[in-house]
1. Among the residues of the range 41-63, are any touching a Pro at 6+ places or on another chain (Cβ under 8 Å), under 23 Å from Asp150 (Cα atoms), open to solvent by 10 Å² or more (accessible area, probe 1.4 Å) and not in a helix (DSSP H, G or I)?
2. Looking only at the range 167-187, which residues are farther than 22 Å from Tyr149 by Cβ and in a strand (DSSP E or B)?
3. Output the number of residues of the range 247-270 satisfying the condition of being of a type in the set (S, T, N, Q) and either surrounded by 22 or more Cβ atoms within 10 Å (Cβ to Cβ) or touching a residue at least 40 places away in the same chain (Cβ under 8 Å) (or both).
4. Report, ordered by the first and then the second residue, all pairs with beta carbons closer than 6 Å, sequence separation of six or more or different chains, a first member in the range 130-157 that is part of a loop (DSSP other than H, G, I, E, B), and a second member that is of a type in the set (Val, Ile, Thr).
5. For the range 102-116, check the following and say yes or no: at least one residue is open to solvent by 40 Å² or more (accessible area, probe 1.4 Å), among the acidic types (Asp, Glu) and closer than 21 Å to Phe163 by Cα.
6. Can you find a residue that is open to solvent by less than 20 Å² (accessible area, probe 1.4 Å), assigned to a loop (DSSP other than H, G, I, E, B) and either touching a residue at least 12 places away in the same chain (Cβ under 8 Å) or under 25 Å from Glu254 (Cα atoms) (or both) anywhere in the range 188-201?
7. Could you figure out which of (1) in contact with a Cys (Cβ under 8 Å, 6 or more places away or on another chain); (2) farther than 14 Å from Gly135 by Cβ; (3) crowded, with 17+ Cβ neighbours inside 10 Å isn't true of Asn232?
8. Select from the range 13-40 the residues that are of a type in the set (A, V, I, L, M), surrounded by fewer than 17 Cβ atoms within 10 Å (Cβ to Cβ) and over 29 Å from Gly241 (Cα atoms) and list them in ascending order.
Amino acid sequence: MSPEFFTAFNTLPAFCRVQAVARPSSDSEISIEVWLPATGWNHRYLGVGNGSFGGSINYDRLGESLRSGYATSSTDTGHRGRASESAWAINHPEKQTDFDYRAVHETALTSKALIDAFYHSPPARSYFSSCSNGGRQGLMEAERYPADYDGIMAGAPATHFGFKTFITGDFAAFQKRGGKIIIYHGGNDRPEANLNLFSSVRGRMGDETVSNFLQFYLLPGMGHCGSGDEPNDFGQWLRPGDIPQNSLFSALEEWVEKDVRPNGVIATKFAIDGNARSAVVRKRRICPYPQTARSNHLGSDSGAANFVCP
């Protein structure tokens, strides 16, 4: 298991754990878990996604989200099995649909209903954050169900990983209702497809419109969702006390809730990936693509604090 995955389940605060099953079709069996903080809820809902073909609840991200005060949910995407397995989809078109988009949508609807019932109040804001297939799930939500989430952080979205339904970049409805999207991708993770997606959205909607709801961050030297020898920790993993200056997810929240558009983030390379208690190896300021960081000429060294985004 990679060190960036949350494992400190024995430190979690008290919470209500709800297990549910959604059956939107005769061949659907979508498992859902919703974790609701007993106290200290931050009045936000955070949906978390799955890697590869899913097949299980993402407990690592549930724990991470709960510890930071969110009401949170995950789904197995409509089937059980290892993330590398796809045999379950053979001759099961409804399960393919569940995987492609329906399971995540059903999870959002179920979660919001449970949050309202438990707290006697709906979430003030709803977010989705995940990487790889999870990044695809977030963008699919923005396309097909623009009212499910207010802000989406999509890492290395596998835009053509579905069975029948693929990401097209049609975010017009999501943009019109005020939704915000941050996409990030590692430079060592073959980012070309998502750079092309970003370019096509800009070409169709115009740079001014896009800049007000969608940003792309290219992390030099970073691998898939993290890793690599260059700074690769920038808010894709939640930690209590995160701030917009070093967390793109916190910056997304500020964009949604205060209309403060992010203007770059300081990424950190820790000695142990994902472990903020380990030594800091180096930092780098990352700007929204296609901008590049420039020296502010106020410092004498090459530290990230002495660089700004144009």
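1. The answer is yes, given that some residue of the range 41-63 is touching a Pro at 6+ places or on another chain (Cβ under 8 Å), under 23 Å from Asp150 (Cα atoms), open to solvent by 10 Å² or more (accessible area, probe 1.4 Å) and not in a helix (DSSP H, G or I).
2. Passing the criteria: only Gly186.
3. 2
4. Partner pairs satisfying both residue conditions: Asp150/Val256.
5. There is at least one residue in the range 102-116 that is open to solvent by 40 Å² or more (accessible area, probe 1.4 Å), among the acidic types (Asp, Glu) and closer than 21 Å to Phe163 by Cα.
6. yes
7. The single condition Asn232 does not satisfy is (1).
8. Correct list: Val21 only.
The values are calculated or read from the model by the stated rules, or taken from the named source; none is laboratory data. Values in this document were obtained by computation on a predicted structure and should not be read as measured data. As a convention, Cβ positions derive from the backbone with ideal geometry for all residues, glycine included, and neighbour counts pool all protein chains shown. Just the protein is used for accessible areas: all its heavy atoms, side chains included, with ligands, DNA and RNA removed. Shrake-Rupley method; radii C 1.70, N 1.55, O 1.52, S 1.80 Å.
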